[in-house]
Amino acid sequence: MTNLYKTFFTSTLVLGTITAVSSYSWMGMWMGLEINLLSIIPLMSNSKNQLASESSLKYFITQAIASSVLLFSMILLEMMEMYMISNYTTSALALMSSSLLMKTGAAPFHFWFPEIMEGLNWINSMIMLTWQKIAPMMIIMNTTQQASMITLSIITSMIIGGILGLNQSSLRKILAYSSINHIGWMLAALTINSSIWLSYFLIYSLISFSLIWILKTHNIFYLNQIFLQKNPLVKLTFMINFLSMGGIPPFIGFLPKWITINALAAINMPLTICMVILTLITLYYYVRTMIPTMTLNTAESKNTATNKTQFSIWWINWMNILALILCTLWFNLI
């Protein structure tokens, strides 16, 4: 695909998300989601990679089903409002929540997400992990009132994201299950405050970008490639980003979880305790990954990265380390 086509489809991808988020009508939201879907399919597909083409087809079918259910629930709500029928409002809202959670990749509607991630390159993986979650989550925040379904999705996302990520060796699948776990946290943040959700999403996107940049630069796709990596800089930066993704202080990944726990504890203490306990499962496979990285001894090699790339990687990773300290000082001063 030429750069012109990539620029065009990337622009329409952004346009679709903005349309869905800023629309005041059901049809406008649905159209924005469809523009977004039709834009990312050409970016995902690759004639030279059969797995990428297979992933794009799976993604299209899954999202088309979710879009159909979403459109049906929107029409149902409009008809009930038109004829002043309130008997099936709860069912229609449940259908809408299910379709939006499916688009996000939240459990128990997550089955498509890891399989699709496995066939993508790192740039498309970054889009799937971050940008593609914006529109569905914003619509969930602004429209649905199904607190029980959202709570169920939060708990199942954290269980699925933790347990199924334990036996994975592919970094793309590990990041997919990690993302499902983080979706649980972001859904919890949505129920509290849009500002908390935005803070969580931005920090999660920053950490994901930093980690994927390192993996893309060194063409790493599996854990054994990290374990046998001869460059100590790659090992160190990978460890910093993984620990930050797990939410371990003093890394920046701890900040959004800290804010979410602090706000959620005042509203729903049982859910907060459940989330903290379930996060330990995810934290286990983050830390478990670090042990072979530190203990396996390989001969050091000369760093082949350019000075500019090396400086950029170090800058982002030092930001991961120092950002929490700076944020703490800032909040104490204001």
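Structure values in brief
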quantity	calculated
Boolean, ASN46 is outside any helix (DSSP H, G or I) and under 24 Å from the mean Cα position of the chain (by Cα)	yes
Residue in the range 76-91 that is within 18 Å of the chain's Cα centre (by Cα), farther than 19 Å from ILE150 by Cβ and β-branched (Val, Ile, Thr) present	no
Condition met for ILE140 (more than 18 Å from VAL276 (Cβ to Cβ), modelled with pLDDT under 95 and touching a Leu at 6+ places or on another chain (Cβ under 6 Å))	yes
Test: residue in the range 161-170 that is closer than 29 Å to THR12 by Cβ, assigned to a helix (DSSP H, G or I) and at pLDDT 90 or above	no
Residue satisfying condition, being surrounded by 21 or more Cβ atoms within 10 Å (Cβ to Cβ), of a type in the set (Ser, Thr, Tyr), part of a helix (DSSP H, G or I) and more than 11 Å from the chain's Cα centre (by Cα), within set SER210, SER195, SER199	SER210
Where SER194 falls short, out of the listed (1) over 15 Å from LEU129 (Cβ atoms); (2) in contact with a Leu (Cβ under 9 Å, 6 or more places away or on another chain)	(2)
Test: residue in the range 58-71 that is small (Gly, Ala, Ser), surrounded by 14 or more Cβ atoms within 10 Å (Cβ to Cβ) and over 21 Å from the mean Cα position of the chain (by Cα)	no
Filtered residues of the range 22-51 (kept if charged (D, E, K, R) and either in contact with a Leu (Cβ under 6 Å, 6 or more places away or on another chain) or over 22 Å from LYS133 (Cβ atoms) (or both))	LYS48
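Yes/no matrix, rows are residues, columns are (1) modelled with pLDDT of 80 or more; (2) out of contact with any strand residue (DSSP E or B) (no Cβ under 7 Å at 6 or more places or on another chain); (3) part of a helix (DSSP H, G or I); (4) surrounded by 13 or more Cβ atoms within 10 Å (Cβ to Cβ):
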| position | (1), (2), (3), (4) |
| --- | --- |
| ILE240 | yes, yes, yes, yes |
| PHE251 | yes, yes, no, yes |
| TRP258 | yes, yes, yes, yes |
| ALA263 | yes, yes, yes, yes |
| ILE281 | yes, yes, yes, yes |
| TYR285 | yes, yes, yes, yes |
| MET294 | no, yes, yes, no |
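Residues checked against (1) of a type outside the set (Ser, Thr, Tyr); (2) in contact (Cβ under 8 Å) with a residue 12 or more places away in the chain; (3) outside any loop (DSSP other than H, G, I, E, B); (4) surrounded by 22 or more Cβ atoms within 10 Å (Cβ to Cβ):
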| residue | (1), (2), (3), (4) |
| --- | --- |
| ALA176 | yes, yes, yes, yes |
| ASN219 | yes, no, no, no |
| GLN225 | yes, no, yes, no |
| GLN229 | yes, yes, no, no |
| LEU243 | yes, yes, yes, yes |
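The values are calculated or read from the model by the stated rules, or taken from the named source; none is laboratory data. Please read all numbers here as calculations on a predicted model, not as lab measurements. Cβ: placed from backbone, ideal geometry, glycine included. Neighbour counts: every protein chain shown.
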